[in-house]
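What follows is a single structure, written as C-alpha cells, with notes after it.
All of the numbers you see were taken from the coordinates with simple rules; none came from a lab. The structure displayed is predicted, hence computed values, not measured ones. Don't worry about glycine lacking a Cβ; one is built from the backbone with ideal geometry, like all the others, and counts go over all protein chains shown.
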C-alpha cells in the first residue's frame, strides 16, 4: 500500500508540473524604436510592422528633433502578482520616469488585468494573461546627452538600453539669426 501511495503522489506531481494550466511567464522584446514624429507613433502603436525606426541596444544616436523612443514588449502567460518595471534616466542619472506594471487575476471585478503605477489598467487582453505594448519616453527638445532605459521582468529578463540625444549643427546654429 505504501508503494502505491508513493507512485500516485509522484504521478500527481508530474501532472501538476506538466499540466497546461501551469505555465511560465514569457516576456519578449520586439525592439527599441525611435519615432520622428507623433503621427508615426499614433498611426501604428504596438505593431511590429509600425513606422518606427529600430535602434540598437547601445550607443544609439537620436536627434532631439525626434518625438519619442519606445521599447516594444510582449508578455504571455502572466501569473497573479508578477511585476514588470521600467525606468528612464537622464544624462545626470536622474530618473525621468519610473513605472511598474502588475498582473492580477482579478481587479475591480474584471479578470486578467495589467495594472500600471500611473493609475491605468487593461483587462482581458490576449486571452486574459498576455499583453503587448510600448514603453515610451518623449525625446523632443530634451537636453542633449546620454540617456538610459532599464527594463526588468519576472522571467527573468533584464535589459538596459543606452542612447544619446544630440542636436545637429542645423538645429543649434543660431549665428545667422
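Among beta bridges from DSSP that stay inside the stretch 24-172, the antiparallel ones total about 95%. Taking every C-alpha pair closer than 8 Å and separated by at least 6 residues, the mean separation divided by the residue count of the stretch 100-153 gives a relative contact order of 21 percent.
Packing-based ranking of 138-144, 67-73 yields 67-73, 138-144, ordered from highest to lowest mean Cβ neighbour count within 10 Å.
Taking every alpha-carbon pair under 8 Å whose residues sit at least 6 apart, the stretch 24-172 reaches a relative contact order of 29 percent.
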